1. Taking only protein heavy atoms into account and a 1.4 Å probe, give the accessible area per residue of the range 1-55 in Å².
2. For the chain, max minus min Cα coordinate along each principal axis, in Å, sorted largest first?
3. For a bin width of 5 Å, list the pair-distance distribution of the range 1-64 built from all Cα-Cα distances, rounded to whole %.
4. Rounded to a whole number, what % of the accessible area of the chain do carbon and sulfur atoms account for, probe 1.4 Å?
5. Can you compute 3J(HN,Hα) from phi for each residue in the range 88-102, using the Karplus curve 6.51 cos²θ - 1.76 cosθ + 1.60 with θ = phi - 60°, rounded to whole Hz and x for Gly and Pro?
6. Work out how much length ALA54 to GLN113 would gain on full extension: take 0.36 nm times their residue separation and subtract the Cα-Cα distance, in nm to one decimal.
7. Between GLN98 and SER84, what is 0.36 nm times their sequence separation minus the Cα-Cα distance? Round to one decimal in nm.
Amino acid sequence: QLVESGGGFVQAGGSLRLSCAASGRTFRGFGGGWFRQVPGKEREFVAAVSAATATLYSDSAKGRFTISRDDAKNTVYLQMDGLSVEDTAVYYCAARPQGGLGNRPHEFYYWGQGTQVTVSS
């Protein structure tokens, strides 16, 4: 089970740090990822981290967001800086048994329940 936290309300230009904790299993050896979704649209890739800590970002996240992992804490993080109104969405954490990078929802097997991020202008 994956449990996200850290979402909330923030003004444009602000920052948030999302956390994704794995409950009942370890993140070690798994690939992790963050996706987001707004009503009426498909789930969108944001960032991924491999078991070897390689990272991959969407064009919109590159330069503003940072994904990281702490296997000792079974947690994956998403540091979001320079937030804009367009970043408003429900953010989902995901994990895949394959340790490499993925950027499509079907490549991930485990999903969290999502955490709302709302950015006001």
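The values are calculated or read from the model by the stated rules, or taken from the named source; none is laboratory data. Bear in mind that the values here come from a model prediction, so they are computed numbers and not experimental data. Ligands, DNA and RNA are stripped out before the accessible areas are found, and what is left, the full protein with its side chains, is counted by its heavy atoms. Shrake-Rupley method; radii C 1.70, N 1.55, O 1.52, S 1.80 Å.
1. Numbers: 2810 Å² over 55 residues.
Accessible area per residue, the range 1-55: 51 Å².
2. 39, 26, 25 Å, listed from the longest principal axis down.
3. Going out from 0 Å in 5 Å bins, the range 1-64 shows 4, 13, 19, 27, 22, 10, 4, 0 percent.
4. Details: 3000 of 5990 Å².
Answer for the chain is 50 percent, counting heavy atoms of protein chains only.
5. 4, 4, 8, 9, 10, 8, 9, 9, 10, x, 5, x, x, 7, x
6. Numbers: separation 59, 0.36 × 59 = 21.24 nm, distance 2.48 nm.
Result for the pair: 18.8 nm of gain on full extension.
7. Working: separation 14, 0.36 × 14 = 5.04 nm, distance 3.23 nm.
Separation in residues times 0.36 nm, less the Cα-Cα distance, equals 1.8 nm.
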